[in-house]
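The values are calculated or read from the model by the stated rules, or taken from the named source; none is laboratory data. Here the structure is a predicted model, which means the values were calculated and not measured. Because the Cβ atoms are built from the backbone with ideal geometry, glycine has one as well, and the counts that use them run over all protein chains shown. Heads up: the accessible areas ignore ligands, DNA and RNA and are worked out on the full protein's heavy atoms, side chains in. Shrake-Rupley method; radii C 1.70, N 1.55, O 1.52, S 1.80 Å.
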Amino acid sequence: MVRDSLKAQLQAVGAAFQFMTRIPVPVEIPFTPAVLARSTVYYPLVGLVIGGITAAAGWLLTLAVPALPAAVLILLIWTALSGALHLDGLMDSADGVLSHRPRERMLDIMKDSRVGAMGVMAAIFLLLLKFATLSALLEGEGGWLEAAPLVVMVCGWSRLWVVCSMAGWPFA
């Protein structure tokens, strides 16, 4: 009984990492509705790991690279670790919601694999905001050592918000 429960939780952790990151998880996990439902609890953990890797890479970069190029590379690593899943969702949402169409048409737009102008603009502005924030943190008085814990927390909190929104609002 305990072994099955532990196996179910480990599958949920693996599924969370496979779904939310590009970090290799070298095991076959059944993507059943039950496993996927259990995996949502681990989304904040996934965020903390993404943040930790990003923070460590940022520290290494600050040893040899000036602040602005380091901010670009940190943002690249941060985005690559998640497979840009958040950007895809943001672009789909921006295309649909900012289309000013009826609800059914918005949902059709969000399902479309193509990206529209509003989605592109939303992604550009988000990446610019993240770059500017990382640059300011790198050039700040405390440097990356003070900024790194913030990046870790932001990554964890953002995935926690996903779980809270899934639990609190109905599926569109």
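How would Phe171, Phe31, Phe125 line up by accessible area, probe 1.4 Å, largest first?
Phe171, Phe125, Phe31
For the chain, give the magnitude of the charge dipole about the Cα centre (Cβ charges: +1 Lys/Arg, -1 Asp/Glu; no others), in debye to the nearest 20. Please report the intermediate quantities before stating the final value.
Working: 11 positive and 11 negative charges, 80 e Å.
It comes to approximately 380 debye.
Using a 1.4 Å probe on the protein heavy atoms, what percent of the accessible area of the chain belongs to carbon and sulfur?
72 percent
Mind listing the phi-derived Karplus ³J(HN,Hα) values for the stretch 21-32, rounded to whole Hz, using 6.51, -1.76 and 1.60 with θ = phi - 60°, and x for any glycine or proline?
9, 10, 6, x, 10, x, 9, 7, 10, x, 8, 8
What whole-number value in Å² describes the accessible area per residue of the stretch 4-106 for a 1.4 Å probe?
Dividing the accessible area of the stretch 4-106 by its residue count gives 54 Å².
Please report the relative contact order for the stretch 23-172, taking Cα pairs under 8 Å with a sequence separation of at least 6, and give it as a percent rounded to a whole number.
Value for the stretch 23-172: 39 percent.
Considering the Cα trace of the stretch 72-172, what is its radius of gyration and what is Dmax, both in angstroms?
15.9, 50
Looking at Leu98, Gln9, Gly52, which one has the Cα that reaches farthest to the positive end of the dipole of the chain (charges on Cβ: Lys, Arg +1; Asp, Glu -1)?
Projecting each Cα onto the dipole axis, the largest value belongs to Gln9.
Classify the stretch 49-88 from the C-alpha gyration tensor, please: rounded if a/c falls under 1.5, else prolate or oblate depending on whether a/b exceeds b/c.
Since a/c reaches 1.5 but b/c is at least a/b, the shape of the stretch 49-88 is classed as oblate.
Can you work out ³J(HN,Hα) from phi for every residue in the stretch 120-128, in order, using Karplus 6.51 cos²θ - 1.76 cosθ + 1.60 and θ = phi - 60°, giving whole Hz and x for Gly and Pro?
Along the stretch 120-128, the couplings run 4, 5, 4, 5, 4, 5, 5, 5, 5 Hz.
Computed from these coordinates, which is Rg and Dmax of the Cα atoms in Å: [x] 19.1, 61; [y] 17.6, 68; [z] 18.1, 54?
The calculated read-out lines up with [z].
Applying the Karplus parametrisation 6.51 cos²θ - 1.76 cosθ + 1.60 with θ = phi - 60° to the phi angles of the stretch 67-81, what ³J(HN,Hα) value in whole Hz is obtained for each residue in order, glycine and proline being reported as x?
The phi angles translate into 4, 5, x, 4, 4, 5, 5, 5, 5, 4, 4, 4, 5, 5, 4 Hz.
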